[in-house]
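Take a look at the structure set out below.
Coordinate-derived values only; no laboratory data. Remember, it's a predicted structure, so these values are computed and weren't measured experimentally. Don't worry about glycine lacking a Cβ; one is built from the backbone with ideal geometry, like all the others, and counts go over all protein chains shown.
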Amino acid sequence: MKYRPEIDGLRTMAVLPVVFFHSGLSGFSGGFIGVDIFFVISGFLITTIIEDDLKAGRFSIVGFYERRARRILPALFFYLLLTTLFASLLFLPSFFIDYSKSMASVALFISNFYFWKFSGYFEDSALLRPLLHTWSLSVEEQFYIFMPLAMWLLHRWRGGLRLTAFAAVAAASFALSVYATDVAPTANFFLLPTRCWELLLGALLAIWGRQSTLPNLINNLLAIAGFLAIVIAVFTYSAATPFPGLSAALPCIGAVILIYTGGAKQSIVARLLSTKPFVFTGKISYSLYLAHWPIAVFLRYVTLREPGALDAIFIIVSSYVLAVCSWWFVERPFRGREIISSRGKVFASAATGLFAAFAVAYGTIAAGGFPNRFPAYEAQAEMLHLKKKPQAVAAGEDQTWRNDRCFFENGDEFKNWKPENCQLTKTSGDVAFLWGDSYAAHYVPGIVANAGQTSLQIYEYTYAGCPPVLAYYSYARPNCQQFNRNALNLIKTLNVKHVILSGRWVDLRVRGLDLLQDTISTLKALGVDVTVIGQSPMFVTDVRVIGFEKAALGEASSSWPTVIEANFNEQLRSVSKGATFVDPIANLCSGGNCNYIIDGQFVYFDSGHFSDFGSALVVKRYFPLSYKSAYNN
């Protein structure tokens, strides 16, 4: 394939928005679409190379994977080494264990599956995972398993059907992605079946016609349209944009257009992308992509805050410098044959590196994250009560949430819910029904502790990861809709007068907060009073880590900024018409700072769930224990 500098320039249009977005630079709210552009470019280049080799009769599956290994693995190993070094120096044991699990998945090229199962791309837990960005590498590697074989088979037996076959697969993948936008957003983001259409767009262009033959004027206008499509997505999309699905089509089509209108008959946009600054940044884009996210994560871990303007500049500059070094000293030498000349040595080195990464990860997990790295931690833990066992969520541990009886985590055990097991207060008053996920269950210890302050008969009905929204669907929690629908039956059977909805409402941002309004309307039609408890405070990480880090620095403050947007609960209130709305953040925080220690005890046991102490405190402050007064704080 003849070198096309504008494609390197297009890589710059892909990587810089991602770096700016993850650095916290204002204005680049849709910078994550750069990954989608990379997918289109990768699909185009890989298919072009395979197509040329097939036509020339020199195609080899082994040769293909040798080139992929030379291109991808040296820089990946370099950054795994650096990231593991910093993780071992900075991360407390639980974080180091989580990091090691993700590194093991990277070594197996299944990190997209790991992060799908254990975090969402826009969730707060993801912000402290240095290898989160490797999900896209796994998607590409999984694509590389199927694409060369499919190209070879179709070329040999059904050459004329290639375009039709790949177009059909791309259409099916796109349709699945559009469908999954609402019903399985996390799986939609991370997995190949809903992403391969983006790679196949590039592949289809490579097979159908790689370069434009349009008149100059039309070619230029088309290129400008493609450029604007990408720019519009970068500056108008946000974490609230349903993605990928239909929204991803705009930047992907923009990338296809820019590739098509380049080549020998370059458009004015292609000429811009062919300039030296664009081309050079495109050349180092792989290293820049690998470098920027760990730097942002470690900075966030050290500061325990979201990056500010100066932090963003530091992330961008340091990422660029590191990327230049790794491109010059790692990528370039290993891509050629200067260091490893034979194919056998390439595969042996690749296997050794991947095995070493997996072995280090497994050893770290087995060693419990090497807690002896922090000799001062034990003393600080005693002082701050960090060794106190946190409120349990998992079955088989402490049962203050009434696990497996009233709080469920898997399957359809909720069908065995019994009122006698889940009545939190023994009174003869009206029946109240606490319905939600773990962010409803964390009020249970406090309700029990304050049982003497209410005349209500309060029942618990909660399921991990299932906000109390009838239309909510989760691929990871496929029983959510059935669980929530069953709540309506229980409300009727128990003659419930008051329903209290509480949940991790930030999970509705992608699907739309307005889904809550339909649930409220359904409940009101049943003749019950409805109270919505808004989003409670959440922090960038476990408050025990915040407490430890601050104590280690000699700081005595017991408050820290919440990661919840200042106006989030107001947005939630606006879609809670017909219900009484309670704002926990207004009750517990001031100026965005929230106390995580009160009277020497932790209010939370992780980054957002209330401890038993905290639950008793907040229930007394704002939980609707009586309906004689208005709880519209």
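Some notes on this structure:
- Angle in degrees between helix 612-622 and the longest Cα principal axis of the chain, rounded to the nearest 10: 70
- Residues Thr541, Thr427, sorted so that the one with the fewest Cβ neighbours within 10 Å comes first: Thr427, Thr541
- Protection proxy ranking, highest mean first, for peptides 242-253, 129-140: 129-140, 242-253, where packing is the per-residue count of other beta-carbon atoms within 10 Å, averaged.
- Summarising the label geometry, the points placed 7 Å from Cα in the beta-carbon direction at Leu304 and Ala367 lie 2.6 nm from one another.
- Interatomic Cα distance distribution for the chain, bins of 10 angstrom, percent: 3, 15, 24, 24, 17, 11, 5, 1, 0
- Across region 561-585, the residues whose backbone nitrogen lies under 12 Å from the label position 7 Å along the beta-carbon direction of Ser238 are 565-568, 571.
- Whole-percent P(r), region 5-368, all Cα pairs, 10 Å bins from 0: 5, 23, 35, 27, 9, 1, 0.
- The slack between Ala264 and Leu214, meaning 0.36 nm per residue of separation minus the straight C-alpha distance, is 16.8 nm.
- Neighbour-count order for Tyr622, Tyr459, fewest beta carbons within 10 angstrom listed first: Tyr622, Tyr459
- Looking at the chain alone, DSSP beta bridges between its own residues are antiparallel in about 30 percent of cases.
- Here the spin labels are modelled as points 7 Å beyond Cα on the Cα-Cβ line, and at Ala56 and Phe280 they lie 3.0 nm apart.
- Residues of type aspartates and glutamates that Lys345 reaches as a straight line, Cα spacing below 20 Å, ignoring anything fewer than 8 places off in the same chain: Glu66, Glu331
- Between Leu221 and Ile145, the FRET efficiency estimated from the beta carbon spacing at R0 = 41 angstrom works out to 0.60.
- Note on Arg68 and Lys492: their simple-model spin labels are 5.4 nm apart, each label 7 Å out from Cα toward Cβ.
- Lys, Arg +1 and Asp, Glu -1 on Cβ, resulting dipole of region 5-368 about Cα centre, debye, nearest 20: 1020
- For the chain, the longest principal axis of the Cα atoms and the long axis of helix 543-552 meet at an angle of about 80 degrees.
- Expected 222 nm ellipticity per residue - DSSP helices of 4 or more, -39500 (n - 2.57), all of the chain, to 500: -17500 deg cm²/dmol
- Members of Lys117/Lys492; Lys55/Lys283; Lys117/Lys415 lying beyond 31 Å, as alpha-carbon distances in this model show: Lys117/Lys492
- Cysteines of the chain lacking any other cysteine Cβ under 4.7 Å from their own Cβ: Cys196, Cys252, Cys325.
- Additional length obtainable on full extension of the chain from Ser88 to Glu338, 0.36 nm per residue less Cα span: 86.8 nm
- Put a plus charge on the Cβ of each Lys and Arg, a minus charge on the Cβ of each Asp and Glu, and nothing anywhere else: the dipole of the chain about its Cα centre is then about 1760 debye.
- Taking 0.890 mPa s as the viscosity and 25 °C as the temperature, the Stokes-Einstein diffusion coefficient of region 78-183 based on its alpha-carbon Kirkwood radius rounds to 151 µm²/s.
- Peptides 319-326, 63-70 ranked from most to least packed by the mean count of surrounding Cβ atoms within 10 Å: 319-326, 63-70.
- Qualifying trypsin sites (Lys or Arg not before Pro) for region 135-204 [loop in DSSP, other Cβ within 10 Å: at most 11]: Arg158
- In degrees, nearest ten, helix 135-157 long axis to first principal axis of the chain (Cα): 50
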